[in-house]
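Every number here is computed from the coordinates shown, using simple stated rules; none is lab data. Just so you know, these numbers come straight off a predicted model, no measurement behind them. Cβ coordinates were reconstructed from backbone atoms using ideal geometry, including for glycine residues, and neighbour counts include every protein chain displayed.
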Amino acid sequence: MRKGHTTMELEGSSLVTSFVKQTPAGHPDNSLSGRRARIAQLGLTLYGPHLPHTPLLPVIVHNGIACTSGQLPRIEGRITCLGHVGDTVSVEEGVEAASICALNALAVLELALGSLDRIQQILRVTGFVACKPSFTQQPVVVDGASRVLYSIFGEAGRHVRSAIGVAALPHGAAVEIELSVALIS
C-alpha cells in the first residue's frame with residue numbers, strides 16, 4: 001500500500017480503513033504509470049477518490065480480488081447527474097454519468113492499491129440506473145462505464161456486467177457503478 005494508507009487484516013482480507021494523507025505533489029509516487037499515462041492520453045480525469053461514510057470501505061481486497069463500493073457521478077464532491085434516466089435525465093447524460101462513476105471507481109482503486117498497474121483484469125461491472133419501470137435502456141447507460149474501462153485497459157478491460165434499473169439511488173444520483181478487479185500477484 002502507498003504511504004498514508006492503513007490496513008487491517010481480517011481473516012485473509014486486506015481492508016482499507018483510513019487514508020491519512022496524500023502523497024505530496026512532485027513525489028516520485030506521482031509519476032505517471034502505464035495506466036495513468038493512458039488515462040492522460042485519452043484526456044480523461046480521475047475525479048475522486050470519493051470515500052464512503054463510516055463504517056463502509058471504498059475498497060476491499062481479498063484473495064487477489066479488489067471490489068469497490070458503489071461510486072456515484074461526483075466531480076469535486078458534487079453529484080453531476082441527478083434524477084431518473086429516460087425522464088429528467090437523457091440516455092446520453094446517463095452514459096456520461098456512468099463513465100464518471102467508473103473513473104471514480106478507478107480513483108478509489110488507485111488510492112487503495114497504490115497504482116492502477118496492479119490491476120490484471122476488470123472482472124465485473126455492476127451498474128444501477130435510476131429510472132421508471134418502463135425504461136429498458138439500462139445496458140446502453142452502463143455502456144458508458146464499460147467503454148471507458150475498455151479504452152483504458154484494452155483487452156484487460158473486457159468484463160462481465162449487470163445493468164439494473166432501480167427506483168432510486170443514494171442522494172438522488174441517476175447512476176451508480178461498482179467494480180470487481182483481479183490483481184497481479
Leading residue by the ranking (surrounded by the most Cβ atoms within 10 Å (Cβ to Cβ)) among those in the range 149-172 that are closer than 21 Å to R78 by Cα and touching a residue at least 60 places away in the same chain (Cβ under 8 Å): L169
Test result for G114, under 18 Å from A40 (Cα atoms) and loosely packed, with under 15 Cβ neighbours inside 10 Å: no
Qualifying residue in the range 137-146 (condition: surrounded by fewer than 17 Cβ atoms within 10 Å (Cβ to Cβ), in contact with a Leu (Cβ under 9 Å, 6 or more places away or on another chain), of a type in the set (G, A, S) and under 28 Å from R36 (Cα atoms)): no
Subset of the range 46-83 that is β-branched (V, I, T) and under 12 Å from the mean Cα position of the chain (by Cα) - its residue that is farthest from I122 (Cα to Cα): V59
Members of the range 79-104 that are buried (at least 24 other Cβ atoms within 10 Å of the Cβ) and closer than 16 Å to S134 by Cβ: V85, G94
